[in-house]
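Just below is one structure, and these are the notes that go with it.
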Amino acid sequence: MLGFVAGAWLAAGVGLAADPVTLPERGLCAHRGASGTHPENTLPALTEAVRLGVPMVEFDLALTRDGELVLMHDATVNRTTNGKGRVLDLDLAAIRQLDAGAWKHPRFAGTRVPTFAEALAVLPRHLWLNIDLKADSRWGAQTAEVGRRVAELLARDGRLAQAFLAARADTAAAARQAVPGIKICSMDRQADTAAYVADAVRRRVDFIQLRDCASDPRFPTWVGELKAAGIRINYFFARDAADATRLFAAGVNFALIDDPASAVR
């Protein structure tokens, strides 16, 4: 049963589900799927987030040695699987052999690292897909290539209306060159939040991800500048329903949370 947070969205006319054209404007974002209760960046975590009815799901993409895109946050598989080594040094076949669930709980033993295509297959078209591209120094010269490939895959699958890439400027530029309609969330955090906001407005991105700044007295000003520019605001992160409620009241569109179930009970 959905609790007061979900009820508040509905009362405000902001549904937990929407058609592919009219997507939600506010709500929880399941960080790496329902990662508080399920192994992060796996199909069980994604499908649990969908079951809970959150309007946005976030997951991370990394590149394997043989050029496949898989869901993984870290540069290595060490923390979230029973294997060791850099994702970029492992072929997909080797990563497929790893257990990506037992570290979280024995009931998830045997869970595999999913590919990007497998993730898309379980994610419906009525919610936002917040796709964090791990395109930093780990990907080196392939950074632009990854941005381009992900954008083209989303276009081919008809996901441009619901998906956006959380990416640094160089990756975002490559994605937009390949697919001009791709949505971008700025992840180029500057020395201070004011500069970060100004850069996002200048670049005309679609989303920004703020963090650790909601208590700053300048926060209402930043929110106003972003809203005036038509930029949706994601915030990392909400610990619980009370946190999320405060963030929404302050103008945040989507609050990232590890345990969405705790906020919709």
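The values are calculated or read from the model by the stated rules, or taken from the named source; none is laboratory data. As the structure is a computational prediction, the values presented were derived from the model and not from experiment. Don't worry about glycine lacking a Cβ; one is built from the backbone with ideal geometry, like all the others, and counts go over all protein chains shown.
The table that follows gives values for the structure above.
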| quantity | calculated |
| --- | --- |
| Residue list for the range 65-80, filter: among the hydroxyl-bearing types (S, T, Y) and over 19 Å from H31 (Cβ atoms) | T76 |
| Candidate set from the range 202-251 (those that are small (G, A, S) and part of a loop (DSSP other than H, G, I, E, B)); member that is farthest from F164 (Cα to Cα) | S215 |
| Every residue from the range 71-105 that is modelled with pLDDT under 95, loosely packed, with under 15 Cβ neighbours inside 10 Å and in a loop (DSSP other than H, G, I, E, B) | none |
| Out of V197, V201, V264, sole residue that is under 21 Å from V57 (Cα atoms), β-branched (V, I, T) and either in contact (Cβ under 8 Å) with a residue 24 or more places away in the chain or surrounded by fewer than 21 Cβ atoms within 10 Å (Cβ to Cβ) (or both) | V264 |
| Candidates R204, R176 - the one that is modelled with pLDDT of 95 or more, among the basic types (K, R) and at positive phi | R204 |
| Residue in the range 91-101 that is touching a Pro at 6+ places or on another chain (Cβ under 8 Å), more than 24 Å from G158 (Cβ to Cβ) and either aromatic (F, W, Y) or without any contact (Cβ under 8 Å) to a residue 24 or more places away in the chain (or both) present | no |
| Residue check, P24 surrounded by fewer than 24 Cβ atoms within 10 Å (Cβ to Cβ), modelled with pLDDT of 95 or more and not acidic (D, E) | yes |
| Residues that are under 27 Å from A144 (Cα atoms), β-branched (V, I, T) and touching a strand residue (DSSP E or B) at 6+ places or on another chain (Cβ under 6 Å), drawn from the range 34-63 | V57 |
| Residues satisfying the stated conditions in the range 23-70, i.e. in a helix (DSSP H, G or I), touching a residue at least 60 places away in the same chain (Cβ under 8 Å) and either under 17 Å from F236 (Cα atoms) or hydrophobic (A, V, I, L, M, F, W, C) (or both) | L43, L46, A49, V50, L52 |
| Residue among L120, L160, L154 that alone is closer than 29 Å to R204 by Cα, at pLDDT 95 or above and crowded, with 22+ Cβ neighbours inside 10 Å | L154 |
| Subset of the range 42-51 (residues that are more than 16 Å from G110 (Cβ to Cβ) and crowded, with 24+ Cβ neighbours inside 10 Å) | L46, A49 |
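Condition check ((1) in contact (Cβ under 8 Å) with a residue 40 or more places away in the chain; (2) not in a helix (DSSP H, G or I)) across all residues:
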position: R112; (1), (2): yes, yes
position: E118; (1), (2): yes, no
position: D132; (1), (2): yes, yes
position: L154; (1), (2): no, no
position: T171; (1), (2): no, no
